[in-house]
Structure formats: structure tokens, C-alpha cells
Amino acid sequence: MEGEQVHLAFKGIRDSVVFTDKRVIAINVQGMTGKKRDYSSLPMTKIQAWSVETAGTFDRDSELELWFSGLGKVRLEFKGSVDIRHIGQLIGHHVL
């Protein structure tokens, strides 16, 4: 949207997530061919709580859980060396 700034963007094998100053955009690729996609726009103003889980030695994935007013919990998984704490700080900056 006009005036919206992208802060972070991540692409997995199929799915993607974009963090802007106004919302979280989750892109879920569906089907075997990947032609069908689900775009979810989740406003930062509706985030009530969030949780981050860092990667460990054996569990290399980090996770972000967001609780939205009127929507419920959304869980995002990140593979590899994603600085999940930075994502938590970004959300805190826009929500608190």
C-alpha cells in the first residue's frame, strides 16, 4: 500500500512471509503445482501477544506465534539462521 514500508521478508521452500510497518503478509503456496496461493494480511494493530522460540542444537527451526484479536493464533516457522529475536523486536516496536 502507499506509504507502507517493508522491514523484513523471508522465503521458505514454498511459503513466504513479509513484515511491514502496518501488517504481516503470509503467503501460503497450495497444491502440487504451486499455482494456487493464499495471501493473508494480518494487521499489526490486531496483535495482542506474541512469542518467539529460538533454534536449538537439534531443532534448527525457530518459531513465531502471534495472537490476533478476532482471529486467534498464527504460527510461523523459520528454517536456518533467522534472527527470530529481531523479528520479536520489530513486532514490539509496532505493537507496544
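The values are calculated or read from the model by the stated rules, or taken from the named source; none is laboratory data. Given the structure is predicted, the values throughout are model-derived calculations rather than measurements. Methodologically, a virtual Cβ is constructed for each residue, glycine included, from the backbone with ideal geometry; neighbour enumeration extends over all protein chains shown.
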Residue in region 41-65 that is farthest from V82 (Cα to Cα), counting only those that are part of a strand (DSSP E or B) and in contact with a helix residue (DSSP H, G or I) (Cβ under 8 Å, 6 or more places away or on another chain):
I47
Candidate set: region 41-72, residues that are small (G, A, S), over 12 Å from the mean Cα position of the chain (by Cα) and closer than 20 Å to D21 by Cβ; chosen: the one modelled with the lowest pLDDT:
S69
Every residue from region 80-90 that is β-branched (V, I, T) and without any contact (Cβ under 8 Å) to a residue 60 or more places away in the chain:
I84
Any residue in region 66-79 that is assigned to a loop (DSSP other than H, G, I, E, B) sitting within a Cβ distance under 6 Å of a residue that is at pLDDT 90 or above and surrounded by 14 or more Cβ atoms within 10 Å (Cβ to Cβ)? List the pairs, counting only those 6 or more apart or interchain.
S69/K46
With the requirement that a residue be closer than 20 Å to E63 by Cα and out of contact with any Leu (no Cβ under 8 Å at 6 or more places or on another chain), what does region 22-37 give you?
I27, N28, V29
Residue within region 24-40 that is polar (S, T, N, Q), touching a helix residue (DSSP H, G or I) at 6+ places or on another chain (Cβ under 8 Å), modelled with pLDDT under 95 and assigned to a loop (DSSP other than H, G, I, E, B) present:
no
What are the residues in region 28-61 that are surrounded by 13 or more Cβ atoms within 10 Å (Cβ to Cβ) and more than 18 Å from G72 (Cα to Cα), if any?
V29, R37, E53, T54, A55, D61
So, of the residues in region 1-23 that are aliphatic (A, V, I, L, M) and in a loop (DSSP other than H, G, I, E, B), which turns out to be nearest to the chain's Cα centre (by Cα)?
I13
Would you please name the residue that is surrounded by the most Cβ atoms within 10 Å (Cβ to Cβ), looking only at residues in region 77-96 that are hydrophobic (A, V, I, L, M, F, W, C) and either closer than 15 Å to T45 by Cα or out of contact with any helix residue (DSSP H, G or I) (no Cβ under 9 Å at 6 or more places or on another chain) (or both)?
I87
